[in-house]
1. Rounded to whole Hz and in sequence order, give me ³J(HN,Hα) for the stretch 62-78 from the Karplus expression 6.51 cos²θ - 1.76 cosθ + 1.60, θ = phi - 60°, writing x for Gly and Pro.
2. Please arrange Met49, Met26 by how many other C-beta atoms lie within 10 Å of their C-beta, fewest to most.
3. Length gain on complete extension for the stretch Lys52 to Glu71, per 0.36 nm per residue less the alpha carbon to alpha carbon distance?
4. Quick check on packing: order 80-91, 62-73 by the mean number of other C-beta atoms within 10 Å, highest mean leading.
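None of the figures in this text is laboratory data; all of them are computed from the coordinates on show. Worth saying up front: this structure is predicted, and the values here are computed from it rather than measured. Cβ coordinates were reconstructed from backbone atoms using ideal geometry, including for glycine residues, and neighbour counts include every protein chain displayed.
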Amino acid sequence: MDCSMTKNEIELFMREFADDYESQEMLRLLGRHPYCRFNLLALADSLDMKPKDIGRTINRLQEKGLVRTIESKDKALYALTENKTWRDLITKTAALDYRQMAKLESAP
């Protein structure tokens with residue numbers, strides 16, 4: 001997978017869609033597992049967050065069209081958007097490690 005992104009692309013994406021820590025972390029998790037479906041408790045456990053905080057983050061990302069809800073028999077499941085453009089950008093961003101992100105953010 002080609003994970004090359006410009007500093008500008010990442011900055012614009014983060015500013016517009018993941019401007020808080022919780023959203024960034026959730027998108028990184030979903031981007032690393034783009035075909036998985038998570039329930040609320042699995043997301044909370046994976047991200048070491050409280051379920052109510054996860055719920056607020058999911059709502060923010062759903063409003064932006066980045067996370068979708070899949071209704072199952074007994075509970076809702078959450079997954080990355082099906083929009084190919086956003087999905088590709090999120091998976092590329094998630095593939096960057098923290099050093100690569102820091103390097104891009106500090107580049108002129």
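1. Each residue's phi maps through the Karplus curve to give 5, 4, 8, x, 9, 10, 10, 9, 10, 7, 10, 4, 10, 7, 7, 10, 10 Hz.
2. Details: Met49 18, Met26 26.
Final ranking by Cβ density, sparse to dense: Met49, Met26.
3. On the way: separation 19, 0.36 × 19 = 6.84 nm, distance 1.87 nm.
Result for the pair: 5.0 nm of gain on full extension.
4. My ranking of the peptides, most packed first, is 80-91, 62-73.
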